[in-house]
Each structure stands twice: as C-alpha cells, then as structure tokens.
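Have a look at the structure below, then the notes.
The values are calculated or read from the model by the stated rules, or taken from the named source; none is laboratory data. None of these values were measured; they are calculated from a predicted model. We work out accessible area using only protein heavy atoms, side chains counted, and drop any ligands, DNA or RNA first. Shrake-Rupley method; radii C 1.70, N 1.55, O 1.52, S 1.80 Å.
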Amino acid sequence: QLQFVESGGGLVQPGGSLRLSCTASGFTLGSYAIGWFRQAPGKKREPVSCIWPSGTGTNYGDSVKGRFTISRDNAKNTAYLQMNSLKPEDTAVYYCAANLGYCSVSPELFGSWGQGTQVTVSS
C-alpha cells in the first residue's frame, strides 16, 4: 500500500517556526510531485506548496510565499515543509500528498495522502 507518515506539527507561538516531515512507504517518491495542503475547520482544503520531481521547480500559495520552504530528499523518501514566521491564520491540519509527474493546485489530482498533522499558532 502507498502510505505517508507525517510528523512535526504542534503548538507554536506567532513568529515561530516548525518543520513538517513526510516519509513515504510502499512506493518511491522520486517520480512524484509532492504537495502540501492545509485545511482549517469550516474551510476548503488549500494548496500550500508543491515541489516537482526534479526538485528544481516549486510553487507556493500567496499567503505563505516568502515564509515557507518546501524541499525533498529522494534518498530518504521524504519531503519537508519548513514554516517560518508563523501566523495564527496558518493554524490548520497539514497534509502531504503525491501526484505522479507534476504539481497541481487541485487536491483531486493527488492520489496518495498522509494522515495530516495539526499545526496550531497561538500565543
């Protein structure tokens, strides 16, 4: 089975940082684009960032651009989301997902998902 294990979420103060990790099992991430999405209660799932299989192409949502950085380590079968200068509006459940070949803002295109990890930004 295709599985992701996510970690790194938690409670952080505004202005703080967190690093989320997403490790795949059952498949090799090298040929997949990896997206990070988030969903707050009562809101639609929002694309946060995506990294292409090459690792050279990345995309960021406007609300996180300049604060978040996506990366991957194919040898470790792991993707990361470094989140800096966190704001209360970043509070959400964060999900990693994989799509073969390319990035997309549409969560419908991603067939493999992690279980989600809660990020709470509060003083």
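So the values come out like this:
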{"quantity": "Accessible-area ranking of LYS87, LYS65, LYS44, largest first, probe 1.4 Å", "calculated": "LYS44, LYS65, LYS87"}
{"quantity": "Separation between Cα centres of the stretch 1-78 and the stretch 95-123, rounded to whole Å", "calculated": "6 Å"}
{"quantity": "Reference-scaled alpha-carbon Rg (2.2 N^0.38 Å with N residues) for the chain", "calculated": "0.97"}
